[in-house]
């Protein structure tokens, strides 16, 4: 199994994204969170929606995913928040070690 994940989470605002990120970092569930403002179009309850959102790019360890997901759900306002973990196939060894050092969930 891969030891590292990049987790994608969208939030309704920068303020909400920062609250979620702070919770993840304080609980050692993530080593880093990046914020990318964006516009989204998606189907929700049979209708096309258009929203401004903030994409969170979260660097973490695979073993913390379930706890990270629970923490996001507790802080998030969406009924069904996007929480998608993508395995890191390869990365800088010093950067991956830094993730190891910071994430203890």
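Taken together, the values in this text are just the output of simple stated rules run on the coordinates, not laboratory data. Only a predicted model underlies this, so the values are computations on that prediction, with no experimental measurement involved. Neighbour counts are summed over all protein chains in view; Cβ atoms, including those assigned to glycine, are modelled from backbone coordinates with ideal geometry.
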Looking at (1) free of Cβ contacts under 8 Å to residues at least 24 places away in the same chain; (2) loosely packed, with under 13 Cβ neighbours inside 10 Å; (3) not in a strand (DSSP E or B), find the lone condition where residue 52 falls short.
(3)
Has segment 75-94 got at least one residue that is more than 14 Å from the chain's Cα centre (by Cα), farther than 19 Å from residue 27 by Cα and in a strand (DSSP E or B)?
no
Tally the residues that are in contact with a helix residue (DSSP H, G or I) (Cβ under 7 Å, 6 or more places away or on another chain) and over 11 Å from residue 5 (Cβ atoms), restricting the search to segment 59-69.
0
Quick count over segment 28-58, residues being farther than 14 Å from residue 81 by Cα and touching a helix residue (DSSP H, G or I) at 6+ places or on another chain (Cβ under 6 Å), is 5
Condition first: touching a residue at least 24 places away in the same chain (Cβ under 8 Å), in contact with a strand residue (DSSP E or B) (Cβ under 8 Å, 6 or more places away or on another chain), under 26 Å from residue 89 (Cα atoms) and surrounded by fewer than 16 Cβ atoms within 10 Å (Cβ to Cβ). Can you find one or more residues in segment 7-26 that meet it?
yes
